[in-house]
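The values are calculated or read from the model by the stated rules, or taken from the named source; none is laboratory data. Computed from a predicted structure; not experimentally measured. Here Cβ is always computed from backbone atoms with ideal geometry, including for glycine, and neighbour counts include all displayed protein chains.
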Amino acid sequence: MKSKTLLHILAYQGCVEELNILLARGACVYYPDDAGDTALHYAAFGNKPDAIQVLIDAGGGIDFYNKLKHTPLHVAVFQNFPQCVQVLLRNGCNVNIQDNNQDTPMHDAVAKGFEEIQLLLLSHPEVNLYLENSKGFNILNYAVLRGNMKVTEKILALNRNLATVPKTSDGFTPLHVACFNDHIEIVELLVEKYKVNINALDLKKRTPLMAAVGQGQTSVINYLMLRDVALDIQDIDGNGLLHFLFIKKNFYKTPITREKSVPIYEEYLSVGGPSNEHGILLAVFLFLVKHGAPLSLENNNRQKPLDLILEDTSLLNEIMEHAREYVTDLTNENNKVVTAISQLALDEKLLARRSSCQNVPVECAVCSELGVANVLLKPCNHAVACEECSSRMKKCIMCKTFIEMRVTTDGRMVPGIERCDKSKIERVNYLESKISEIEEMNTCTICMERCRNTIFLCGHGTCDVCAKTLKFCHMCRKLIEQRINVFL
């Protein structure tokens, strides 16, 4: 309150007559508070358009900004006060000033989803839609990021060239952003109405389809695969579509619905649906391969897609199993796919490398120690933990199935370690608490470091070092007449 003047308070409350009196007597309209806010900022905070007009007429610094580089327009937009925004725009404020995060008022309006204010700002003749914030998003990219279909359509109607303008930070086009975030309606708008390049590359030479595959966006994957999309493009690391699928396999955990993608959902059901922990990943894999995604591409490390999952034996086994089943279904449909999947199912080199992988040190998912091989858990057949950690597990940490048996690579059975008796644990906890109490009773209450070895006549005490500095007892405030050393 110390830094606020009477003018600030009256502006916030909208007291127009009192403002006129103060201004007539020479009150400084530019004076800021500790945060850098002027009276005009306060009028915007208080949603007082009349007070804003009075202050502007008095030369109130319409584009002055505070310590966050927020102008009164930023404030009015952020607070969702359309009338204040109209007054500021009518009086010629700068609509393109950027704050500390390089956000313009239009960025704020899009972030908050205030449609009325978005339309007010877009109707201003001087609004610059190309300005980027600190994260590299221009106004269109930011609207696409937020999934705001209405403002996206409005912006593109004003300037259709923005549909192909990439972010300077990573080269993401609006289509990349829409695919990455699963905004399927905006994807359809950009592809069908504005005819954007469906195979546009970002700075890492990745396509919108790669962005969708990398995030597990099944509805977008299905939509793009039905268009003239390139399936053999490789990024700067040499990774193709199927490389991305396996690199980002953790994004394929959430169950999908039929509405997301009918073809992928049917594949999902065919491989076991929700009962299969790799169900979504397998469904997308089979869907991509069926439509021609190449299995033979090698990245810069000379790895084919399936080389990336050699250590995940359960996933690899399922792919091999479902690939063989898939061959018979596609015999009369797509000879290229039959060849690719047949090669996968019969690739002796891959099988040999998978078996040799069992002797490569693997990491325990619990203790992170490297060992020759993890223990195989039954009945789920996952191998996620070492012998010591698996002996303490009751359920598999991957699928939550109760463990009935633990088998090492040489066929040994690993017995489970039962928990300690509950009463013994409680006894240990009790003894630990008692020891802690004893230590606390004999510790100096001033420094909390040394032993309490000096007692006063009042019965309280400290360590000998702290006692030397005291004239009165720190507990009861009695005069210290004598210090008695004790030996513990």
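Of the residues that make up region 128-136, is at least one free of Cβ contacts under 8 Å to residues at least 60 places away in the same chain and either in a helix (DSSP H, G or I) or within 25 Å of residue 60 (Cα to Cα) (or both)? Spell out how you get there, then give the answer.
Step one: list which residues in region 128-136 are free of Cβ contacts under 8 Å to residues at least 60 places away in the same chain, which gives 128-136.
Imposing the further condition that a residue be either in a helix (DSSP H, G or I) or within 25 Å of residue 60 (Cα to Cα) (or both) reduces the set to 128.
Yes: one or more hits.
For residues that are part of a helix (DSSP H, G or I) and out of contact with any Lys or Arg (no Cβ under 9 Å at 6 or more places or on another chain), scanning just region 99-113, find the one that is surrounded by the most Cβ atoms within 10 Å (Cβ to Cβ).
Pass one, region 99-113, residues part of a helix (DSSP H, G or I): 105-112.
Adding the requirement that they be out of contact with any Lys or Arg (no Cβ under 9 Å at 6 or more places or on another chain) leaves 105-109, 112.
Values: 105: 32, 106: 27, 107: 24, 108: 26, 109: 28, 112: 15.
My answer is 105.
Within region 13-31, which residues are assigned to a loop (DSSP other than H, G, I, E, B) and either surrounded by fewer than 19 Cβ atoms within 10 Å (Cβ to Cβ) or at pLDDT 90 or above (or both)?
Narrowing region 13-31 to residues assigned to a loop (DSSP other than H, G, I, E, B): 14-15, 25-31.
Residues satisfying the conditions are 14, 15, 25, 26, 27, 28, 30, 31.
In the list 148, 181, 159, which residue meets the criterion of being at pLDDT below 95, within 18 Å of residue 127 (Cα to Cα) and not assigned by TED's automatic domain parsing to the domain that holds residue 222? Please lay out each step first, then the result.
On the way: 148 fails: within 18 Å of residue 127 (Cα to Cα); 181 fails: within 18 Å of residue 127 (Cα to Cα).
One residue alone meets the criteria, 159.
Between a residue in region 427-442 that is assigned to a helix (DSSP H, G or I) and any residue that is modelled with pLDDT of 80 or more, which pairs come within a Cβ distance under 9 Å, given they are 6 or more apart or on different chains?
Pairs that qualify, where the first residue is assigned to a helix (DSSP H, G or I) and the partner is modelled with pLDDT of 80 or more, are 441/452.
From the residues in region 412-422 that are modelled with pLDDT under 80 and not basic (Lys, Arg), which one is farthest from residue 394 (Cα to Cα)? Don't jump to the end; show me each part of the working.
The initial filter retains those residues of region 412-422 that are modelled with pLDDT under 80, namely 412, 416-422.
Cutting the leftovers down to not basic (Lys, Arg) gives us 416-418, 420-421.
Details: 416: 8, 417: 9, 418: 10, 420: 14, 421: 17 Å.
Of everything passing the filter in region 412-422, 421 is farthest from residue 394 (Cα to Cα).
Do you know which of the residues in region 443-461 that are outside any loop (DSSP other than H, G, I, E, B) and hydroxyl-bearing (Ser, Thr, Tyr) is surrounded by the most Cβ atoms within 10 Å (Cβ to Cβ)? Even if it seems obvious, please write down each step before you answer.
Here is the first cut: in region 443-461, the ones outside any loop (DSSP other than H, G, I, E, B) are 443, 451, 454-456, 461.
Still in the list and also hydroxyl-bearing (Ser, Thr, Tyr): 443, 454.
On the way: 443: 16, 454: 21.
Here the answer is 454.
From 397, 455, 425, which residue is over 30 Å from residue 253 (Cα atoms), out of contact with any Phe, Trp or Tyr (no Cβ under 9 Å at 6 or more places or on another chain) and modelled with pLDDT of 80 or more? It would help to see each step written out before you state the result.
Values: 397 fails: over 30 Å from residue 253 (Cα atoms); 425 fails: modelled with pLDDT of 80 or more.
Answer to the check: 455.
Considering only residues that are out of contact with any strand residue (DSSP E or B) (no Cβ under 6 Å at 6 or more places or on another chain) and surrounded by 11 or more Cβ atoms within 10 Å (Cβ to Cβ), look in region 400-411 and name the one that is modelled with the highest pLDDT.
Initial filter on region 400-411 (out of contact with any strand residue (DSSP E or B) (no Cβ under 6 Å at 6 or more places or on another chain)): 400-401, 409-411.
If we keep only those that are surrounded by 11 or more Cβ atoms within 10 Å (Cβ to Cβ) as well, we get 401, 409.
Values: 401: 82, 409: 72.
Going through the qualifying residues, I end up with 401.
Of the numbered conditions (1) over 38 Å from the mean Cα position of the chain (by Cα); (2) at pLDDT below 85; (3) surrounded by 14 or more Cβ atoms within 10 Å (Cβ to Cβ), residue 383 satisfies every one except a single condition; which is it?
Only one criterion is unmet by residue 383, namely (1).
Among the residues of region 256-269, are any free of Cβ contacts under 8 Å to residues at least 40 places away in the same chain, among the polar types (S, T, N, Q) and either surrounded by 20 or more Cβ atoms within 10 Å (Cβ to Cβ) or under 19 Å from residue 317 (Cα atoms) (or both)?
Checked region 256-269: no residue is free of Cβ contacts under 8 Å to residues at least 40 places away in the same chain, among the polar types (S, T, N, Q) and either surrounded by 20 or more Cβ atoms within 10 Å (Cβ to Cβ) or under 19 Å from residue 317 (Cα atoms) (or both).
Can you tell me which residue within region 161-213, out of those that are in contact with a Cys (Cβ under 8 Å, 6 or more places away or on another chain) and of a type in the set (A, V, I, L, M, F, W, C), is surrounded by the fewest Cβ atoms within 10 Å (Cβ to Cβ)? It would help to see each step written out before you state the result.
If we filter region 161-213 for residues that are in contact with a Cys (Cβ under 8 Å, 6 or more places away or on another chain), which is where we start, we get 187, 208-209, 211-212.
Remaining after also requiring of a type in the set (A, V, I, L, M, F, W, C): 187, 209, 211-212.
Details: 187: 26, 209: 28, 211: 23, 212: 28.
Among those that are in contact with a Cys (Cβ under 8 Å, 6 or more places away or on another chain) and of a type in the set (A, V, I, L, M, F, W, C), it is 211.
Filter region 256-294 for residues that are of a type in the set (S, T, N, Q) and either out of contact with any helix residue (DSSP H, G or I) (no Cβ under 9 Å at 6 or more places or on another chain) or in a loop (DSSP other than H, G, I, E, B) (or both) and give the result. I'd like the intermediate steps shown before the answer.
Pass one, region 256-294, residues of a type in the set (S, T, N, Q): 257, 261, 270, 275-276.
Across region 256-294, the qualifying residues are 257, 261, 275, 276.
Going through region 210-252 one residue at a time, which ones are at positive phi and hydrophobic (A, V, I, L, M, F, W, C)? If you could, list the steps in order and put the result at the bottom.
Within region 210-252, the subset at positive phi is 216, 238.
Across region 210-252, there are no qualifying residues.
Any idea how many residues of region 146-160 are in a helix (DSSP H, G or I) and surrounded by 16 or more Cβ atoms within 10 Å (Cβ to Cβ)? Spell out how you get there, then give the answer.
Applying the first criterion (in a helix (DSSP H, G or I)) to region 146-160 yields 149-158, 160.
Checking which are surrounded by 16 or more Cβ atoms within 10 Å (Cβ to Cβ) leaves us with 151-152, 154-156.
So the answer is 5.
Restricting to region 42-73, give me the number of residues that are modelled with pLDDT under 90 and crowded, with 20+ Cβ neighbours inside 10 Å.
Matching residues across region 42-73 total 1.
Select, from 163, 143, 178, 212, the only residue that is within 24 Å of residue 289 (Cβ to Cβ), among the small types (Gly, Ala, Ser), in contact with a helix residue (DSSP H, G or I) (Cβ under 8 Å, 6 or more places away or on another chain) and assigned to a helix (DSSP H, G or I). Working first, answer last.
Working: 163 fails: within 24 Å of residue 289 (Cβ to Cβ); 143 fails: within 24 Å of residue 289 (Cβ to Cβ); 178 fails: within 24 Å of residue 289 (Cβ to Cβ).
Every option except 212 fails the conditions.
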